[in-house]
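Undergrad: Quick one: this structure, given as structure tokens, is what I'll be asking you about.
The values are calculated or read from the model by the stated rules, or taken from the named source; none is laboratory data. Just so it is clear, the model here is predicted, and its values are computed rather than measured. With ideal geometry, Cβ positions are generated from the backbone for all residues, glycine too; neighbour counts draw on all protein chains shown.
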Amino acid sequence: MYDYLIVGTGLFGAIFAHEAMKKGKTCLVLEKRDHIGGNCYDEKDEHGILIHKYGPHIFHTKEQKAYDYLSRFTDWYAFGHEVVANVHGKLIPVPFNLNTLHMVYEQEKADALEKKLIDAFGLESRVPILKLREHEDPEIREIADYVYENIFLHYTMKQWGQTPEQIDPAVTGRVPVLVSYDNRYFQDKYQGVPKEGFTPMFERMLDHENITVETGVDCKERLRFEENQIYFDGTPFDGEVIYTGALDELFDCQFGRLPYRSLRFDFEHYEKESYQGHSVVNYTVSEDFTRITECKYLTGQKNTDGTTIVKEYPFAYTGAEGEIPYYAILEPKNQELYEKYRALAGGLPHFYLLGRLAEYKYYNIDAMTKKAMELADAIMAENTKR
């Protein structure tokens, strides 16, 4: 019997398995999909172009520890990720910054507004859009109104199916105005994607005789819970279970389904050198999709046969076959519902919740890396005491 049963081969599951293996533990990792890597999974399409199957994933961090850890398994294609928005046919940098300001307003007005922003918030500051909109200076509010209407409002409504006021401030705060000339989407020291792709990085994490990976397996067909006892394949399991899947679905949504936003990805290939000349273009005032990613600009791939793009269409997750829950809708009533499921899991011995779905929250890649490392250390330290 294995020491650890891990559900999911995304970052949390793969890192935990690797850390347990280093301590001499054995792990069985179950994956519902037919591949490892979770939403970070990438592969080459029929034209030989490396695509991110579940939308663009970019590693960025200020944390040396997270960067050093993942660098054990990959070299990096390092680049400063830049995003532009298509606003009525004009491409402007986002988040809105001082370069954007000078593209939107004529020179004299832009200079005056730049001074106001610097005086009010300081150079190099990041100001949440809704905070800017509430400022007492009417000219700063004018900037805010432009940003709100042309960059934030319609995009947010498409992405979340809600008005911005309904969205948790933690989500809203991820869309800042930058009082700087830095066009990078992230200002972190380390940015990039694995040079060979995310999938080879995961393969290296999981490549050890103490780690067994089974794909195409629904854990609910192998796990059973009875009177605070975990059964695996019909036999009592007394090891540790690390669960990274959707918590409501583990318990058959008995209290109701947790709300998520899902995404549909439409890939298109063109026999030309470039489609849009940028890795990501957000469509903030038009179209039903939210953004177009041109894959080779994201990965740095050269000498490709044409170019492949992907359009993203958000919709409400229903749990139907083929749908994937991507983003938790962080509202108080949804958190209350999640806590009911967490209480059920809390009654199970040596059962740990880890990850976006299991914890019903958002994580960036660096935060996932750090959390998985910390939990692995904590659990194994506790096991040593027992």
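Undergrad: List the pairs whose first member sits in the stretch 112-132 and is at positive phi, whose second member is assigned to a loop (DSSP other than H, G, I, E, B), and whose Cβ atoms are under 9 Å apart, counting only residues at least 6 apart or on separate chains?
TA: 122/179; 124/179; 124/180; 124/182; 124/187
Undergrad: Is it the case that residue 278 is touching a strand residue (DSSP E or B) at 6+ places or on another chain (Cβ under 8 Å), closer than 19 Å to residue 86 by Cα and not in a helix (DSSP H, G or I)?
TA: Working: touching a strand residue (DSSP E or B) at 6+ places or on another chain (Cβ under 8 Å): yes; closer than 19 Å to residue 86 by Cα: yes; not in a helix (DSSP H, G or I): yes.
Answer is yes for this residue.
Undergrad: Could I ask something else about it? Mind listing whichever residues of the stretch 285-329 are polar (S, T, N, Q), in contact with a His (Cβ under 9 Å, 6 or more places away or on another chain) and part of a loop (DSSP other than H, G, I, E, B)? I'd like the intermediate steps shown before the answer.
TA: Our first condition is that a residue be polar (S, T, N, Q); within the stretch 285-329, this holds for 286, 290, 293, 299, 301, 303-304, 307-308, 318.
Keeping just the survivors that are in contact with a His (Cβ under 9 Å, 6 or more places away or on another chain) gives 286, 293, 299, 304, 307-308.
The answer is 286, 304.
Undergrad: Moving on. Can you pull out every residue in the stretch 56-83 that is surrounded by 17 or more Cβ atoms within 10 Å (Cβ to Cβ) and out of contact with any Gly (no Cβ under 9 Å at 6 or more places or on another chain)?
TA: If the condition is that a residue be surrounded by 17 or more Cβ atoms within 10 Å (Cβ to Cβ) and out of contact with any Gly (no Cβ under 9 Å at 6 or more places or on another chain), then 56, 57, 61, 66, 67, 69, 70, 73, 83 are the ones that fit.
Yes/no per residue for (1) closer than 26 Å to residue 9 by Cα; (2) aliphatic (A, V, I, L, M); (3) touching a strand residue (DSSP E or B) at 6+ places or on another chain (Cβ under 9 Å); (4) loosely packed, with under 14 Cβ neighbours inside 10 Å:
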position: 157; (1), (2), (3), (4): no, yes, no, no
position: 176; (1), (2), (3), (4): no, no, yes, no
position: 187; (1), (2), (3), (4): no, no, yes, no
position: 198; (1), (2), (3), (4): yes, no, yes, no
position: 202; (1), (2), (3), (4): yes, no, no, no
position: 230; (1), (2), (3), (4): yes, yes, yes, no
position: 237; (1), (2), (3), (4): yes, no, yes, no
position: 241; (1), (2), (3), (4): yes, yes, yes, no
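Undergrad: Sticking with this one: I need the full set of residues from the stretch 230-240 which are in contact (Cβ under 8 Å) with a residue 60 or more places away in the chain and closer than 13 Å to residue 220 by Cβ, in order please.
TA: Hits for the stretch 230-240 are 230, 232.
Undergrad: Additional query: Go through 46, 114 for me and flag whichever is of a type in the set (Asp, Glu) and part of a helix (DSSP H, G or I). Don't jump to the end; show me each part of the working.
TA: Working: 46 fails: part of a helix (DSSP H, G or I).
Result: 114 is the single residue among 46, 114 that is of a type in the set (Asp, Glu) and part of a helix (DSSP H, G or I).
Undergrad: Could you grab the pairs with beta carbons closer than 8 Å, sequence gap of 6+ or different chains, first residue in the stretch 251-278 and closer than 24 Å to residue 327 by Cα, second one at pLDDT below 95 and of a type in the set (Phe, Trp, Tyr)?
TA: Listed by first residue and then by second, the contacts come to 261/160.
Undergrad: If you don't mind, there's one more thing I want to ask. Could you list all residues from the stretch 49-71 that are in a loop (DSSP other than H, G, I, E, B) and touching a helix residue (DSSP H, G or I) at 6+ places or on another chain (Cβ under 6 Å)?
TA: Those that are in a loop (DSSP other than H, G, I, E, B) and touching a helix residue (DSSP H, G or I) at 6+ places or on another chain (Cβ under 6 Å): 49, 54, 56, 57, 63.
Undergrad: In the stretch 137-189, which residues are assigned to a helix (DSSP H, G or I), polar (S, T, N, Q) and either at pLDDT below 90 or more than 19 Å from residue 326 (Cα to Cα) (or both)?
TA: 150, 156, 166, 172
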